[in-house]
Amino acid sequence: MTARCKVTANYLDVAPELHRYFASVFLIEIDVPDGGMVEDFMFPDWATMRFNAQGVVGGTTRSGEALPGSRFVVSGARSQEAYVRTGSVRQWGVLIHPLGWALLVGKPARDYANRLVDGMADPAFERFRPLADTLSSGVPDARGELCRITEFFMGLEPIDDPAAGTIAAAYEAIRDPEVSSVEDLAGRAGVTRRTLERLCQRAFGFPPKLLLRRQRFLRSLAHFAADPSLKWIDALDPGYCDQAQFVRDFREFMGMTPSEYSHRSKPFVDAVLKERARYMVEEVGPRGGTRSLVA
């Protein structure tokens, strides 16, 4: 049985120099009384690196791949939900967009899609372990820890990727609600459809058609999170033909129906989605303009 818990979530700005890597940086604190554990799930998203003060965070993917627990959890880009189990924890995380993955990790994103891995064991993430070792040492200090994250990533030498400009253009196009077809996406990225297919598998983890469908779904989920008084029909992205199409996508991306999601116990995902919606909508980013609801 899942215990009660207190959750504090904060999405934070990063230095402009890190915008090419990160969609956002976040600090999540979960307090579970009496040594208990809570279970919840993560929605589909871009890749994340999560640095935990204790190695109590574990998870399971829909395919059944399990991560017993780690101080440094890496989630590849996801088109499916992933289940998480944790006790009390203080967790820093970075949400890495595709260009960030290409420049920081350099491994094919498709190899880590819909996976949870231990960053302390997987050789692909060896260069990030010094941050995992030192980030949570001493008395908690959010400002100092954010500075440590900033200095660490600014000190990393980016991996050379000749397609960096195309990856960035494709990422921006995927986020644009007006881009609704693979042909539109290829045109915005300035490449042929065949080149786009290869690029998306390598840098984004999924085929372009799936990426566009996932982004349409995530916009709807973000609208619902931003205003819980809405009914699902009112939160639907304009790209949906009808509610039935949305329900099919919900089942594919979340492994449940919208009704099951609404009635499910979500000890910390509700707090995280609410804070993320606040960050994306209410705050004005350092580059000017209001942030997209879905980073």
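The values are calculated or read from the model by the stated rules, or taken from the named source; none is laboratory data. As the structure is a prediction and not an experimental result, all values here were calculated from the model. Here Cβ is always computed from backbone atoms with ideal geometry, including for glycine, and neighbour counts include all displayed protein chains. Note: accessible area is taken over every heavy atom of the protein model, side chains too, but ligands, DNA and RNA are not part of it. Shrake-Rupley method; radii C 1.70, N 1.55, O 1.52, S 1.80 Å.
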Within region 17-26, is even one residue under 12 Å from residue 118 (Cα atoms) and buried (at least 20 other Cβ atoms within 10 Å of the Cβ)? no
Over region 168-194, the set of residues part of a helix (DSSP H, G or I) and free of Cβ contacts under 8 Å to residues at least 24 places away in the same chain is 169, 172, 173, 183, 184, 186, 187, 188, 189, 193, 194
Can you name the residue in region 170-192 that is of a type in the set (D, E, K, R) and closer than 20 Å to residue 102 by Cα and is also surrounded by the fewest Cβ atoms within 10 Å (Cβ to Cβ) among such residues? 172
Restricting to region 140-167, count the residues that are part of a helix (DSSP H, G or I), touching a Gly at 6+ places or on another chain (Cβ under 8 Å) and surrounded by fewer than 16 Cβ atoms within 10 Å (Cβ to Cβ). 0
Can you list residue pairs whose Cβ atoms sit under 8 Å apart, with the first residue in region 248-269 being within 15 Å of residue 236 (Cβ to Cβ) and the second being of a type in the set (Lys, Arg) and open to solvent by 70 Å² or more (accessible area, probe 1.4 Å)? Count only pairs 6 or more apart in sequence or on different chains. 257/251
Would you mention how many residues in region 216-254 are open to solvent by less than 70 Å² (accessible area, probe 1.4 Å), in a loop (DSSP other than H, G, I, E, B) and of a type outside the set (Asp, Glu)? 4
In region 10-57, what residues are over 27 Å from residue 205 (Cα atoms) and aliphatic (A, V, I, L, M)? 30, 32, 37, 38, 53, 56
Look through region 28-87, keep the residues that are of a type in the set (Lys, Arg) and part of a strand (DSSP E or B), and return whichever of them is surrounded by the most Cβ atoms within 10 Å (Cβ to Cβ). 50
Of those in region 64-81 that are among the small types (Gly, Ala, Ser) and at pLDDT below 95, the residue nearest to residue 131 (Cα to Cα) is 70
Give the residue that is most open to solvent (accessible area, probe 1.4 Å), with candidates limited to residues of region 104-139 that are over 24 Å from residue 199 (Cβ atoms), among the small types (Gly, Ala, Ser) and in contact with a Gly (Cβ under 9 Å, 6 or more places away or on another chain). 138
In this structure, does residue 70 turn out to be in contact with an Asp or Glu (Cβ under 6 Å, 6 or more places away or on another chain), closer than 30 Å to residue 167 by Cβ and touching a residue at least 24 places away in the same chain (Cβ under 8 Å)? yes
